[in-house]
1. Filter region 127-142 down to the residues that are surrounded by fewer than 19 Cβ atoms within 10 Å (Cβ to Cβ) and closer than 24 Å to Tyr63 by Cβ and list them by number.
2. Could you please let me know if Phe124 is touching a residue at least 24 places away in the same chain (Cβ under 8 Å) and over 16 Å from Ile62 (Cβ atoms)?
3. Between a residue in region 65-86 that is under 20 Å from Arg18 (Cβ atoms) and any residue that is of a type in the set (Lys, Arg), which pairs come within a Cβ distance under 6 Å, given they are 6 or more apart or on different chains?
4. Please enumerate the residues belonging to region 85-103 that are part of a loop (DSSP other than H, G, I, E, B) and either at pLDDT 85 or above or buried (at least 20 other Cβ atoms within 10 Å of the Cβ) (or both).
5. Restricting attention to strands (runs of 3 or more DSSP E) lying wholly within region 1-68, give those where 1 or more residues are farther than 19 Å from Glu163 by Cβ, at pLDDT 95 or above and in contact with a helix residue (DSSP H, G or I) (Cβ under 7 Å, 6 or more places away or on another chain).
6. Could you tell me which residue of region 1-19 is farthest from Arg77 (Cα to Cα), considering only residues that are in contact (Cβ under 8 Å) with a residue 24 or more places away in the chain and out of contact with any strand residue (DSSP E or B) (no Cβ under 8 Å at 6 or more places or on another chain)?
7. List pairs: first residue in region 143-163 and surrounded by fewer than 10 Cβ atoms within 10 Å (Cβ to Cβ), second residue modelled with pLDDT of 95 or more anywhere in the structure, Cβ distance under 7 angstrom, at least six positions apart or on different chains.
Amino acid sequence: MKHNVFLSLGSNMGNRERYLKEAIREISHLDNVKVDKASNIYETEPVGYTDQECFLNMAVSIYTELNAETLLGQLQRIENFLDRKRIVKWGPRTIDIDILLFDLVRLNLEHLKIPHPLMFERAFVLIPLREIYHGNEVFGIDIEKVINNCDDKEGIKYYKKFEFLG
């Protein structure tokens, strides 16, 4: 069974755009994964830990036959391959890949929560997701209304069109 999964990607260290492209390239090379759509790239102010550089953020839709936990393991392997270090919570990173949605499954494990527990509080996640998501609502929640209520929406700027060549 193919699952439709939506991911959020972010980078604020080094060549941010290159890290996004390399992450998507690595995702596209995973067995049983097909990259379907990618949003534009947005530059966003940091949230949480604010003493750091601005992020580039985007969303990606994939299809996969992997289950959620196996996919998470593969995404974390990609983060490690791209020198992701977990030193400061919400701190600087070369790449961050989060599973936002996995079909319309709700999952509440210690190491994996779907939908992503903070996605409805973060315009930097929802604005790119809105571009590639197939509807206006997620779990009965109107994406546009939630974006309008997010505190961080003013700190998000269109950066550039994403072009992925495989």
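1. Passing the criteria: Arg130, Glu131, Ile132, His134, Gly135, Asn136, Glu137, Phe139, Gly140, Ile141.
2. yes
3. So the pair list comes out as Arg84/Arg93.
4. Arg93, Thr94, Ile95, Asp103
5. Of the strands (runs of 3 or more DSSP E) lying wholly inside region 1-68, those with at least 1 residues that are farther than 19 Å from Glu163 by Cβ, at pLDDT 95 or above and in contact with a helix residue (DSSP H, G or I) (Cβ under 7 Å, 6 or more places away or on another chain) span 3-11, 33-38, 55-64.
6. To start, the set of residues in region 1-19 that are in contact (Cβ under 8 Å) with a residue 24 or more places away in the chain comprises 1-14, 16-17, 19.
The next check asks that each one be out of contact with any strand residue (DSSP E or B) (no Cβ under 8 Å at 6 or more places or on another chain); those that pass are 1, 13-14.
Numbers: Met1: 23, Met13: 18, Gly14: 19 Å.
Restricting to residues being in contact (Cβ under 8 Å) with a residue 24 or more places away in the chain and out of contact with any strand residue (DSSP E or B) (no Cβ under 8 Å at 6 or more places or on another chain), the top hit is Met1.
7. The qualifying pairs are Lys161/Asn40.
Per-residue answers, yes or no, for (1) in contact with a strand residue (DSSP E or B) (Cβ under 8 Å, 6 or more places away or on another chain); (2) farther than 15 Å from Lys157 by Cα; (3) surrounded by 16 or more Cβ atoms within 10 Å (Cβ to Cβ):
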position	(1), (2), (3)
Lys21	no, yes, yes
Ile24	yes, yes, yes
Ser28	yes, yes, no
Lys37	yes, yes, no
Tyr42	yes, no, yes
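The values are calculated or read from the model by the stated rules, or taken from the named source; none is laboratory data. Fair warning: this is a prediction, and the values are worked out from it, not measured in the lab. Because the Cβ atoms are built from the backbone with ideal geometry, glycine has one as well, and the counts that use them run over all protein chains shown.
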